[in-house]
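Novice: Once you've had a glance at the structure underneath, I'll fire off some questions.
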Amino acid sequence: MGTTGRAVVDLDVNALITDLRRAMLMELQTFYSLWITAIVAEGFHGEELTEHFKADALEELGHAEKLATRILELGGNPVVDPGEWAAGTGTPWIAPRKNFADADGMVADQIRAEAAAINHYNAIAKMTFGKDPVTYHLATELLADEVGHEEFLENLLGPRGAKNRGHRARPTRKAAAAAKAAAAGKTASAATRRKR
């Protein structure tokens, strides 16, 4: 980012860079947590998680790259030492469960990581609103992604999982489509019976 691009940022750029570095570290830590969990997950449900966790891991790595780019644009330095990951996030490391077949536990752990990211991006969005439109746009983009991840993971746990977190679970697309098809079938069956 050029001199004018930095000059129009109407807040403490160093504090912003610190928050963006923390977000980058959170993304890198979540990337590794998802990736390694996908590798070690066992059992029927673990197999189902593997594909999703690997895809999410790559998305989190993409988030880290976007954050690193923005840090550079602001004149800062992205984190280059993996030794800084755990200490720099301010959030605990989420290791895979000792029981590699505990798919529900692994999902619940990742929901906690998503919640931390949501709160952090929300804070960055509030800080940059009207003061740094470029970072604000990035923060809201990443916030939307994390909200989507959290919702998907909560839906994996079903109504019980979302209820325990204080949310009402929405049905997955597949479940909603099945319910709609079932309702349409019942309606068609009722209409057919009335014609007889």
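Novice: Output the peptides 59-71, 5-17 sorted from most to least packed, where packing is the average of other Cβ atoms within 10 Å over each peptide's residues.
Specialist: The packing order, highest mean first, is 59-71, 5-17.
Novice: Taking other Cβ within 10 Å of each residue's Cβ, how do Thr91, Thr3 sort, fewest first?
Specialist: So the ranking, lowest neighbour count to highest, is Thr3, Thr91.
Novice: Would you list Leu72, Leu157, Leu142 from fewest to most Cβ contacts within 10 Å?
Specialist: Fewest-to-most ranking of Leu72, Leu157, Leu142: Leu72, Leu157, Leu142.
A short reminder: the numbers here are calculations on the coordinates, not readings from a lab. As the structure is a computational prediction, the values presented were derived from the model and not from experiment. Heads up, the Cβs are rebuilt from the backbone with ideal geometry, glycines too, and the neighbour counts pull from every protein chain shown.
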